[in-house]
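Remarks on the structure that follows.
The values are calculated or read from the model by the stated rules, or taken from the named source; none is laboratory data. Because the structure is predicted, anything quoted here is derived from the model rather than measured. We place every Cβ from the backbone using ideal geometry, glycine too, and count neighbours over all the protein chains shown. Only protein heavy atoms, including side chains, enter the accessible area calculation; ligands, DNA and RNA are left aside. Shrake-Rupley method; radii C 1.70, N 1.55, O 1.52, S 1.80 Å.
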Amino acid sequence: MGILIVDDSKESRDLLKTFLKGAGYKDIITAASAQEAFEALGLKGEEHRHGVTFRVILLDVVMPEMNGIEACRIIREDAHLADTPVIMVTAVGEQDSLNQAFEAGATDYITKPVSKVELLARVRSVLRLYQEMERRKVREKELIETLKQLSEANRVLTQLSAQDGLTGLANRRHFDENFSAEWRRAMRDRQPLSVVMADIDHFKLYNDHYGHQGGDDCLRQVAAIIGQVVRRPGDIAARYGGEEFVLVLPDTPLEGGIKIAEEVAAAVRTLKLPHEKSPVVPYVTLSMGVACMVPDRSKEMKELIERADRALYAAKRQGRNRVKAAEDHSGIN
Amino acid sequence: MGNGERIAVTIDADLKELIPGFLQARHDDVAVIGASLEKGDWNAMYIAGHSMKGSGGGYGFDEITAIGAAIETAAKAKDAAGVKHGVARLSDYLQRIDITYA
(Lines give C-alpha, C1' and ligand atoms only; values in the text may rest on other atoms or scores of the structure.)
Protein backbone atom coordinates (compact mmCIF):
# COMPACT_ATOMS: atom_id res chain seq x y z
CA MET A 1 0.00 0.00 0.00
CA GLY A 2 0.94 3.61 -0.34
CA ILE A 3 0.45 6.74 1.65
CA LEU A 4 -2.51 7.73 3.81
CA ILE A 5 -3.26 11.44 4.25
CA VAL A 6 -5.60 12.35 7.10
CA ASP A 7 -6.76 15.98 7.25
CA ASP A 8 -10.16 17.59 7.72
CA SER A 9 -9.27 20.36 5.29
CA LYS A 10 -9.74 19.43 1.65
CA GLU A 11 -7.23 22.05 0.66
CA SER A 12 -4.58 20.50 2.86
CA ARG A 13 -5.36 17.01 1.59
CA ASP A 14 -5.20 18.15 -2.02
CA LEU A 15 -1.97 19.98 -1.44
CA LEU A 16 -0.18 17.05 0.21
CA LYS A 17 -1.51 14.63 -2.35
CA THR A 18 -0.42 16.83 -5.26
CA PHE A 19 3.08 17.31 -3.90
CA LEU A 20 3.51 13.59 -3.27
CA LYS A 21 2.09 12.62 -6.64
CA GLY A 22 4.39 15.12 -8.33
CA ALA A 23 7.32 13.36 -6.62
CA GLY A 24 6.23 10.03 -8.05
CA TYR A 25 4.43 8.46 -5.10
CA LYS A 26 1.47 6.27 -6.02
CA ASP A 27 -1.50 4.82 -4.15
CA ILE A 28 -2.25 7.91 -2.15
CA ILE A 29 -5.44 7.58 -0.11
CA THR A 30 -7.03 10.52 1.69
CA ALA A 31 -9.28 10.58 4.74
CA ALA A 32 -11.21 13.61 6.02
CA SER A 33 -11.39 12.44 9.65
CA ALA A 34 -9.91 10.01 12.13
CA GLN A 35 -12.90 7.72 11.58
CA GLU A 36 -12.32 7.65 7.82
CA ALA A 37 -8.68 6.91 8.48
CA PHE A 38 -9.57 3.98 10.74
CA GLU A 39 -11.76 2.64 7.99
CA ALA A 40 -8.95 2.87 5.46
CA LEU A 41 -6.62 1.18 7.96
CA GLY A 42 -9.02 -1.68 8.61
CA LEU A 43 -9.53 -0.70 12.23
CA LYS A 44 -13.30 -0.42 11.95
CA GLY A 45 -16.23 -2.72 11.55
CA GLU A 46 -17.00 -6.25 12.66
CA GLU A 47 -14.18 -7.93 10.77
CA HIS A 48 -11.29 -5.94 12.12
CA ARG A 49 -9.28 -6.48 8.91
CA HIS A 50 -5.81 -6.47 10.31
CA GLY A 51 -2.80 -5.94 8.19
CA VAL A 52 -4.03 -3.06 6.04
CA THR A 53 -0.79 -1.19 6.21
CA PHE A 54 0.42 1.97 4.59
CA ARG A 55 4.05 2.84 4.08
CA VAL A 56 3.48 6.14 5.79
CA ILE A 57 0.58 8.03 7.38
CA LEU A 58 0.37 11.84 7.31
CA LEU A 59 -1.86 12.88 10.18
CA ASP A 60 -3.23 16.36 10.86
CA VAL A 61 -3.15 17.30 14.54
CA VAL A 62 -6.16 19.61 14.74
CA MET A 63 -9.33 17.93 13.51
CA PRO A 64 -12.92 18.17 14.74
CA GLU A 65 -14.23 15.14 16.66
CA MET A 66 -11.13 13.04 17.18
CA ASN A 67 -7.82 14.90 16.89
CA GLY A 68 -4.66 13.53 15.36
CA ILE A 69 -2.97 12.75 18.64
CA GLU A 70 -5.76 10.49 19.84
CA ALA A 71 -5.94 8.92 16.37
CA CYS A 72 -2.21 8.24 16.45
CA ARG A 73 -2.54 6.53 19.81
CA ILE A 74 -5.29 4.25 18.48
CA ILE A 75 -3.28 3.41 15.36
CA ARG A 76 -0.29 2.48 17.49
CA GLU A 77 -2.39 0.14 19.61
CA ASP A 78 -2.86 -2.12 16.59
CA ALA A 79 -0.03 -4.64 16.44
CA HIS A 80 0.11 -4.53 12.66
CA LEU A 81 0.38 -0.77 12.55
CA ALA A 82 2.78 -0.38 15.45
CA ASP A 83 5.75 0.23 13.16
CA THR A 84 4.06 2.20 10.37
CA PRO A 85 5.61 5.68 10.22
CA VAL A 86 3.22 8.45 11.27
CA ILE A 87 4.14 12.01 10.36
CA MET A 88 2.11 14.61 12.27
CA VAL A 89 1.07 17.70 10.34
CA THR A 90 0.82 20.64 12.66
CA ALA A 91 0.33 24.39 12.30
CA VAL A 92 3.01 26.78 13.47
CA GLY A 93 2.17 27.69 17.05
CA GLU A 94 0.79 24.23 17.82
CA GLN A 95 4.19 22.90 18.81
CA ASP A 96 2.91 22.36 22.34
CA SER A 97 0.96 19.43 21.05
CA LEU A 98 4.08 17.83 19.60
CA ASN A 99 5.13 16.36 22.91
CA GLN A 100 1.79 14.66 23.16
CA ALA A 101 2.07 13.50 19.55
CA PHE A 102 5.44 11.88 20.13
CA GLU A 103 4.16 10.31 23.31
CA ALA A 104 1.31 8.89 21.25
CA GLY A 105 3.87 7.25 18.97
CA ALA A 106 4.36 9.75 16.15
CA THR A 107 7.49 9.18 14.07
CA ASP A 108 8.08 12.72 12.86
CA TYR A 109 6.27 15.99 12.12
CA ILE A 110 6.01 18.75 9.55
CA THR A 111 4.54 22.20 10.01
CA LYS A 112 1.79 23.95 8.14
CA PRO A 113 1.96 25.82 5.82
CA VAL A 114 3.61 22.79 4.27
CA SER A 115 6.79 23.29 2.32
CA LYS A 116 7.14 20.87 -0.55
CA VAL A 117 10.87 20.37 0.03
CA GLU A 118 10.34 19.64 3.71
CA LEU A 119 7.41 17.32 3.08
CA LEU A 120 9.26 15.22 0.54
CA ALA A 121 12.41 15.09 2.67
CA ARG A 122 10.49 13.91 5.74
CA VAL A 123 8.52 11.32 3.83
CA ARG A 124 11.66 10.00 2.17
CA SER A 125 13.43 9.72 5.48
CA VAL A 126 10.66 7.88 7.32
CA LEU A 127 10.23 5.55 4.36
CA ARG A 128 13.91 4.75 4.48
CA LEU A 129 13.61 4.09 8.19
CA TYR A 130 10.61 1.86 7.63
CA GLN A 131 12.34 -0.13 4.89
CA GLU A 132 15.40 -0.58 7.05
CA MET A 133 13.20 -1.81 9.88
CA GLU A 134 11.41 -4.24 7.60
CA ARG A 135 14.71 -5.50 6.26
CA ARG A 136 15.98 -5.97 9.78
CA LYS A 137 12.86 -7.92 10.72
CA VAL A 138 13.40 -10.25 7.76
CA ARG A 139 17.06 -10.65 8.66
CA GLU A 140 16.18 -11.38 12.27
CA LYS A 141 13.73 -14.05 11.17
CA GLU A 142 16.37 -15.59 8.91
CA LEU A 143 18.88 -15.51 11.72
CA ILE A 144 16.52 -17.28 14.10
CA GLU A 145 15.79 -19.90 11.44
CA THR A 146 19.51 -20.39 10.81
CA LEU A 147 20.17 -20.74 14.52
CA LYS A 148 17.44 -23.35 14.75
CA GLN A 149 18.93 -25.30 11.84
CA LEU A 150 22.37 -24.94 13.32
CA SER A 151 21.35 -26.28 16.70
CA GLU A 152 19.53 -29.18 15.03
CA ALA A 153 22.61 -29.90 12.91
CA ASN A 154 24.69 -29.74 16.08
CA ARG A 155 22.39 -32.17 17.81
CA VAL A 156 22.65 -34.61 14.89
CA LEU A 157 26.41 -34.15 14.70
CA THR A 158 26.82 -34.75 18.41
CA GLN A 159 24.79 -37.91 18.07
CA LEU A 160 26.72 -39.01 15.00
CA SER A 161 30.07 -38.30 16.60
CA ALA A 162 29.10 -40.53 19.52
CA GLN A 163 27.65 -43.31 17.41
CA ASP A 164 29.22 -46.25 15.66
CA GLY A 165 28.22 -45.89 12.03
CA LEU A 166 27.75 -49.60 11.37
CA THR A 167 25.93 -50.82 14.44
CA GLY A 168 24.29 -47.68 15.86
CA LEU A 169 25.75 -48.46 19.30
CA ALA A 170 28.00 -45.92 21.02
CA ASN A 171 31.43 -45.72 19.42
CA ARG A 172 34.81 -46.10 21.05
CA ARG A 173 35.16 -42.35 21.45
CA HIS A 174 31.89 -42.07 23.32
CA PHE A 175 32.93 -45.02 25.48
CA ASP A 176 36.29 -43.44 26.36
CA GLU A 177 34.67 -40.17 27.30
CA ASN A 178 31.85 -41.65 29.32
CA PHE A 179 33.61 -44.52 30.98
CA SER A 180 35.87 -42.14 32.88
CA ALA A 181 32.81 -40.13 33.95
CA GLU A 182 31.11 -43.29 35.23
CA TRP A 183 34.33 -44.32 36.96
CA ARG A 184 34.52 -41.00 38.83
CA ARG A 185 30.83 -41.14 39.66
CA ALA A 186 31.15 -44.66 41.06
CA MET A 187 34.16 -43.52 43.10
CA ARG A 188 32.18 -40.61 44.53
CA ASP A 189 29.14 -42.76 45.31
CA ARG A 190 31.23 -45.75 46.40
CA GLN A 191 29.18 -47.98 44.14
CA PRO A 192 30.31 -51.05 42.20
CA LEU A 193 30.95 -50.52 38.50
CA SER A 194 30.81 -53.55 36.21
CA VAL A 195 32.35 -53.89 32.77
CA VAL A 196 31.60 -56.65 30.28
CA MET A 197 33.86 -57.31 27.29
CA ALA A 198 32.22 -59.38 24.55
CA ASP A 199 33.68 -60.93 21.42
CA ILE A 200 31.93 -62.76 18.57
CA ASP A 201 33.43 -66.24 18.40
CA HIS A 202 35.57 -66.99 15.36
CA PHE A 203 34.46 -63.88 13.59
CA LYS A 204 37.39 -64.07 11.17
CA LEU A 205 36.11 -67.43 9.95
CA TYR A 206 32.61 -65.94 9.68
CA ASN A 207 33.90 -63.07 7.56
CA ASP A 208 35.96 -65.36 5.35
CA HIS A 209 32.97 -67.57 4.72
CA TYR A 210 30.08 -65.08 4.48
CA GLY A 211 32.02 -62.09 3.12
CA HIS A 212 32.38 -58.65 4.59
CA GLN A 213 28.76 -57.77 3.87
CA GLY A 214 27.68 -60.84 5.81
CA GLY A 215 30.13 -59.92 8.57
CA ASP A 216 28.63 -56.45 8.82
CA ASP A 217 25.11 -57.88 9.01
CA CYS A 218 26.21 -60.18 11.80
CA LEU A 219 27.72 -57.26 13.75
CA ARG A 220 24.52 -55.27 13.30
CA GLN A 221 22.31 -58.08 14.57
CA VAL A 222 24.46 -58.80 17.60
CA ALA A 223 24.61 -55.07 18.35
CA ALA A 224 20.81 -54.86 18.14
CA ILE A 225 20.51 -57.65 20.72
CA ILE A 226 22.98 -55.90 23.01
CA GLY A 227 21.05 -52.66 22.62
CA GLN A 228 17.84 -54.42 23.60
CA VAL A 229 19.26 -56.01 26.74
CA VAL A 230 21.36 -53.11 27.98
CA ARG A 231 18.90 -50.29 28.34
CA ARG A 232 19.01 -48.85 31.83
CA PRO A 233 19.72 -45.16 31.81
CA GLY A 234 23.45 -44.70 32.46
CA ASP A 235 24.39 -48.06 30.98
CA ILE A 236 26.80 -47.83 28.07
CA ALA A 237 26.88 -50.37 25.26
CA ALA A 238 29.62 -49.60 22.76
CA ARG A 239 31.48 -51.15 19.88
CA TYR A 240 34.98 -51.45 21.26
CA GLY A 241 36.81 -52.57 18.15
CA GLY A 242 36.24 -54.89 15.16
CA GLU A 243 33.99 -57.63 16.56
CA GLU A 244 34.41 -56.61 20.17
CA PHE A 245 31.81 -54.92 22.32
CA VAL A 246 31.97 -53.38 25.78
CA LEU A 247 29.24 -52.80 28.34
CA VAL A 248 29.59 -50.38 31.25
CA LEU A 249 27.07 -51.02 34.00
CA PRO A 250 26.99 -48.42 36.81
CA ASP A 251 25.76 -49.38 40.30
CA THR A 252 26.07 -53.02 39.30
CA PRO A 253 27.90 -55.69 41.35
CA LEU A 254 29.69 -58.58 39.66
CA GLU A 255 26.62 -60.83 39.92
CA GLY A 256 24.50 -58.26 38.14
CA GLY A 257 27.16 -57.89 35.44
CA ILE A 258 27.24 -61.66 34.94
CA LYS A 259 23.45 -61.73 34.70
CA ILE A 260 23.37 -59.07 32.00
CA ALA A 261 26.16 -60.83 30.09
CA GLU A 262 24.28 -64.15 30.28
CA GLU A 263 21.14 -62.45 29.03
CA VAL A 264 22.98 -61.06 26.03
CA ALA A 265 24.63 -64.41 25.31
CA ALA A 266 21.29 -66.21 25.57
CA ALA A 267 19.55 -63.71 23.29
CA VAL A 268 22.29 -64.11 20.68
CA ARG A 269 22.04 -67.91 20.92
CA THR A 270 18.27 -67.61 20.40
CA LEU A 271 18.90 -65.70 17.17
CA LYS A 272 20.51 -68.85 15.73
CA LEU A 273 22.48 -66.90 13.18
CA PRO A 274 24.20 -69.60 11.08
CA HIS A 275 27.98 -69.77 11.48
CA GLU A 276 28.90 -72.89 9.54
CA LYS A 277 32.62 -72.62 10.01
CA SER A 278 32.52 -72.11 13.77
CA PRO A 279 34.33 -74.95 15.56
CA VAL A 280 32.09 -74.27 18.60
CA VAL A 281 28.51 -74.65 17.39
CA PRO A 282 27.17 -73.87 13.89
CA TYR A 283 25.68 -70.61 15.17
CA VAL A 284 26.95 -67.21 16.13
CA THR A 285 27.98 -67.17 19.80
CA LEU A 286 29.74 -64.78 22.15
CA SER A 287 32.60 -65.09 24.57
CA MET A 288 32.35 -62.65 27.44
CA GLY A 289 34.41 -61.48 30.37
CA VAL A 290 32.93 -59.65 33.33
CA ALA A 291 34.78 -57.58 35.93
CA CYS A 292 33.64 -55.35 38.73
CA MET A 293 35.30 -52.82 40.99
CA VAL A 294 34.34 -50.23 43.52
CA PRO A 295 36.65 -47.48 42.28
CA ASP A 296 38.86 -45.59 44.71
CA ARG A 297 41.93 -43.44 44.48
CA SER A 298 44.29 -46.40 44.75
CA LYS A 299 42.86 -47.93 41.58
CA GLU A 300 43.15 -47.09 37.93
CA MET A 301 40.20 -47.41 35.63
CA LYS A 302 42.20 -49.21 32.96
CA GLU A 303 42.60 -52.00 35.53
CA LEU A 304 38.89 -52.70 35.35
CA ILE A 305 39.04 -53.01 31.56
CA GLU A 306 42.11 -55.24 31.81
CA ARG A 307 40.36 -57.55 34.26
CA ALA A 308 37.33 -57.84 32.03
CA ASP A 309 39.69 -58.47 29.11
CA ARG A 310 41.51 -61.23 31.03
CA ALA A 311 38.17 -62.81 31.91
CA LEU A 312 37.21 -62.68 28.22
CA TYR A 313 40.51 -64.36 27.36
CA ALA A 314 39.77 -67.06 29.92
CA ALA A 315 36.31 -67.59 28.38
CA LYS A 316 37.93 -68.07 24.99
CA ARG A 317 40.58 -70.40 26.36
CA GLN A 318 37.95 -72.54 28.02
CA GLY A 319 36.20 -73.13 24.71
CA ARG A 320 34.32 -69.92 23.90
CA ASN A 321 30.51 -69.49 23.92
CA ARG A 322 30.55 -68.65 27.61
CA VAL A 323 30.62 -65.91 30.24
CA LYS A 324 33.58 -65.75 32.62
CA ALA A 325 33.92 -63.50 35.64
CA ALA A 326 37.25 -61.99 36.63
CA GLU A 327 38.60 -64.01 39.54
CA ASP A 328 40.32 -61.20 41.33
CA HIS A 329 37.23 -59.07 41.75
CA SER A 330 38.59 -57.04 44.60
CA GLY A 331 36.31 -54.39 45.95
CA ILE A 332 33.25 -56.60 45.87
CA ASN A 333 31.85 -57.34 49.27
CA MET B 1 -6.51 50.11 0.81
CA GLY B 2 -4.03 49.38 -1.92
CA ASN B 3 -3.24 51.45 -4.89
CA GLY B 4 -3.73 48.87 -7.58
CA GLU B 5 -0.09 47.83 -7.89
CA ARG B 6 0.12 44.28 -9.17
CA ILE B 7 1.68 41.56 -7.01
CA ALA B 8 3.67 38.89 -8.80
CA VAL B 9 3.41 35.43 -7.24
CA THR B 10 5.34 32.37 -8.40
CA ILE B 11 3.58 29.06 -7.77
CA ASP B 12 4.85 25.46 -8.02
CA ALA B 13 3.78 24.12 -11.40
CA ASP B 14 2.60 20.89 -9.71
CA LEU B 15 -0.20 22.91 -8.13
CA LYS B 16 -1.50 24.52 -11.32
CA GLU B 17 -4.75 22.56 -11.35
CA LEU B 18 -5.46 23.29 -7.70
CA ILE B 19 -4.97 27.04 -7.79
CA PRO B 20 -8.27 28.17 -9.37
CA GLY B 21 -10.22 26.18 -6.79
CA PHE B 22 -8.04 27.46 -3.98
CA LEU B 23 -8.46 31.11 -5.00
CA GLN B 24 -12.21 30.66 -5.47
CA ALA B 25 -12.39 29.31 -1.92
CA ARG B 26 -10.62 32.47 -0.70
CA HIS B 27 -13.11 34.66 -2.56
CA ASP B 28 -15.83 32.62 -0.81
CA ASP B 29 -14.04 33.24 2.50
CA VAL B 30 -14.37 36.98 2.00
CA ALA B 31 -18.16 36.53 1.83
CA VAL B 32 -18.39 33.85 4.51
CA ILE B 33 -16.31 35.75 7.05
CA GLY B 34 -18.30 38.91 6.30
CA ALA B 35 -21.52 37.03 7.02
CA SER B 36 -20.09 35.46 10.18
CA LEU B 37 -19.09 38.88 11.37
CA GLU B 38 -22.66 40.09 11.03
CA LYS B 39 -23.92 37.06 12.98
CA GLY B 40 -21.17 37.40 15.55
CA ASP B 41 -20.05 33.80 14.85
CA TRP B 42 -16.50 34.19 16.17
CA ASN B 43 -15.84 30.48 16.01
CA ALA B 44 -16.56 30.33 12.28
CA MET B 45 -14.22 33.29 11.73
CA TYR B 46 -11.56 31.63 13.84
CA ILE B 47 -11.79 28.40 11.85
CA ALA B 48 -11.69 30.21 8.49
CA GLY B 49 -8.63 32.20 9.57
CA HIS B 50 -6.93 29.14 11.02
CA SER B 51 -7.40 27.12 7.86
CA MET B 52 -6.19 29.97 5.64
CA LYS B 53 -3.14 30.26 7.85
CA GLY B 54 -2.49 26.53 7.46
CA SER B 55 -2.91 26.27 3.71
CA GLY B 56 -1.90 29.64 2.17
CA GLY B 57 1.87 29.26 2.34
CA GLY B 58 1.68 25.64 1.27
CA TYR B 59 0.06 26.72 -1.96
CA GLY B 60 2.63 29.42 -2.38
CA PHE B 61 0.67 32.37 -0.97
CA ASP B 62 2.57 33.38 2.13
CA GLU B 63 0.46 36.54 2.33
CA ILE B 64 -2.69 34.43 2.70
CA THR B 65 -1.09 32.62 5.63
CA ALA B 66 -0.29 36.00 7.19
CA ILE B 67 -3.83 37.30 6.61
CA GLY B 68 -5.29 34.03 7.98
CA ALA B 69 -3.18 34.35 11.11
CA ALA B 70 -4.38 37.95 11.58
CA ILE B 71 -8.03 36.95 11.19
CA GLU B 72 -7.54 33.99 13.56
CA THR B 73 -6.00 36.25 16.19
CA ALA B 74 -8.67 38.92 15.78
CA ALA B 75 -11.51 36.38 15.95
CA LYS B 76 -10.06 34.90 19.08
CA ALA B 77 -10.01 38.38 20.63
CA LYS B 78 -13.50 39.12 19.26
CA ASP B 79 -11.94 42.10 17.58
CA ALA B 80 -14.43 43.02 14.82
CA ALA B 81 -12.25 45.77 13.39
CA GLY B 82 -9.34 43.40 13.19
CA VAL B 83 -11.36 40.78 11.35
CA LYS B 84 -12.74 43.42 8.99
CA HIS B 85 -9.27 44.63 8.29
CA GLY B 86 -8.14 41.10 7.52
CA VAL B 87 -11.00 40.48 5.14
CA ALA B 88 -10.25 43.73 3.33
CA ARG B 89 -6.58 42.77 3.06
CA LEU B 90 -7.59 39.41 1.59
CA SER B 91 -10.00 40.92 -0.91
CA ASP B 92 -7.40 43.43 -2.02
CA TYR B 93 -4.67 40.81 -2.30
CA LEU B 94 -6.84 38.51 -4.39
CA GLN B 95 -7.49 41.28 -6.87
CA ARG B 96 -3.88 42.26 -7.33
CA ILE B 97 -2.05 38.96 -7.76
CA ASP B 98 -0.47 37.86 -11.04
CA ILE B 99 0.46 34.20 -10.98
CA THR B 100 3.34 32.57 -12.80
CA TYR B 101 3.88 28.81 -12.59
CA ALA B 102 7.38 27.47 -12.32
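Brief remarks follow.
- What the phi angles of region A:317-323 give under the Karplus curve with 6.51, -1.76 and 1.60, with θ = phi - 60°, is a coupling list of 4, 7, x, 6, 6, 7, 10 Hz, glycine and proline written as x.
- Loop-resident sites, region B:3-102, for GluC sites (Glu not before Pro), counting at most 11 other Cβ within 10 Å (DSSP): B:GLU5, B:GLU17
- A:VAL280, A:VAL117, ranked by accessible area, largest first (probe 1.4 Å): A:VAL117, A:VAL280
- Solvent-accessible area buried by pairing B with A, both sides, nearest 100 square angstrom, 1.4 angstrom probe: 1200 Å²
- Legend: mean number of C-beta atoms from other chains within 10 angstrom of residue C-beta atoms, peptide A:109-118, equals 4.
- Residue range of chain B that is longest and free of trypsin sites (Lys or Arg not before Pro) which are both DSSP loop and sparsely packed (at most 12 other C-beta within 10 Å): B:17-77
- Whole-Å distance, taken between Cα centres, linking region B:40-102 and region A:134-200: 81 Å
- Built amide H within the under 5 Å cut-off of B:TYR101, gap 5+: B:ILE11
- In the assembled protein chains, B:TRP42 presents an accessible area of approximately 60 Å² (probe radius 1.4 Å).
- Separation of region A:90-116 from region A:279-301 is 85 Å, based on Cα centroids.
- Distance in nm between pseudo-label sites at B:LYS78 and A:LYS259 (7 Å out along the Cβ direction from Cα): 10.6 nm
- Per atom type, chain A shows carbon and sulfur on 50% of its accessible surface, probed at 1.4 Å.
- Candidates per GluC sites (Glu not before Pro) in region A:238-311, loop by DSSP, up to 16 other Cβ within 10 Å: A:GLU276, A:GLU300
- Among B:TYR93, A:TYR283, the order of accessible area from largest down is A:TYR283, B:TYR93, computed with a 1.4 Å probe on protein heavy atoms.
- Distance in nm between pseudo-label sites at B:THR100 and A:VAL138 (7 Å out along the Cβ direction from Cα): 4.7 nm
- On full extension, the segment bounded by A:VAL281 and A:PHE102 gains 55.5 nm, given 0.36 nm per residue less the C-alpha separation.
- In order along region A:258-266, phi translates into HN-Hα couplings of 4, 4, 4, 4, 4, 4, 4, 4, 5 Hz, rounded to whole numbers, per the Karplus curve 6.51 cos²θ - 1.76 cosθ + 1.60 with θ = phi - 60° and x for Gly and Pro.
- The angle between the Cα long axis of helix B:42-59 and the main principal axis of chain B comes to about 20°, on a 0 to 90 degree scale.
- Taking every DSSP helix (H) stretch of at least 4 residues in the protein assembly as shown, weighting each as -39,500 (n - 2.57) and dividing the sum by the residue count yields a mean residue ellipticity at 222 nm of -18500 deg cm²/dmol.
- Gyration tensor (alpha-carbon) shape descriptor, chain A, a/c threshold 1.5: prolate
- Ordered from highest to lowest accessible area with the whole protein assembly present and a 1.4 Å probe, A:VAL114, A:VAL294 read as A:VAL294, A:VAL114.
- Cut-off under 5 Å, modelled amide H: who pairs with A:LEU169 long-range: A:ASP164
- The longest part of chain A holding none of the exposed loop trypsin sites (Lys or Arg not before Pro), meaning those outside H, G, I, E and B in DSSP with at most 16 other Cβ atoms within 10 Å, is A:50-189.
- Sulfur and carbon atoms: percent of accessible area, region B:7-101 [1.4 Å]: 53 percent
- Measuring with a 1.4 angstrom probe and ignoring ligands and nucleic acids, A:HIS212 comes out at about 140 Å² accessible.
- Each residue of region A:11-28 was assigned a 3J(HN,Hα) from its phi angle through the Karplus curve 6.51 cos²θ - 1.76 cosθ + 1.60 (θ = phi - 60°); the sequence is 4, 5, 4, 4, 5, 4, 4, 5, 4, 5, 4, x, 8, x, 6, 10, 6, 9 Hz, with glycine and proline shown as x.
- Theoretical gain in end-to-end length, A:ARG297 to A:ASP176 [0.36 nm per residue, Cα-Cα removed]: 41.7 nm
- Under-5 Å amide H pairs with A:ILE28, H placed in peptide plane, nonlocal only: A:ILE3
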